[in-house]
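Every number in this text was worked out from the coordinates using simple rules, so none of it is lab data. Note that this is a predicted model, so its numbers are computed, not measured.
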Amino acid sequence: MLGIVAFFLLVFFPLCLLLWHWMMHRIGGWGRLAANYGATVGIEGKQFRGYGSVGLMPQNFLSFTANDEGLRIKRLQFFDRVNKPLFIPWKDFHGLRPGKSYTKETMVVLDIGRPVVGRLLLPVRVLQQSAGKVLLVEAPPATAEAAFNKEIS
């Protein structure tokens, strides 16, 4: 009985996690973004951590590093060896709109690329406290989003 439990905990469970990450990488959108925006080295800049998501992937704890050129995004999970970090230039973000989160933090959704290659959900504080604040100014005010625009400015 102890051998079965040990096998489950040491072999089966980690393999299931790796399979889950690989599937989400393929169908969730991170892989498509990594093909266009894969980052091979780290960047210098202001660092943030918080919940967010890329594409169809569920919200995860992400690390953001922002500088004048763009935003580096990395997943912070122990078993995640599948998803490469991303570096997306600020000029490739557009379509700012309110986002929903499991937390009480104010979130925004941005489209990535032209044509759209993926979407990013991130805390608005990442944009407010970095060079991404330009995106907040350029967002066209809409009557349905008036309260949102007032809150983020």
Work out how much length Leu17 to Leu76 would gain on full extension: take 0.36 nm times their residue separation and subtract the Cα-Cα distance, in nm to one decimal. 19.8 nm
Residue separation times 0.36 nm, minus the C-alpha to C-alpha distance between Ala35 and Val5: what's the value? 6.9 nm
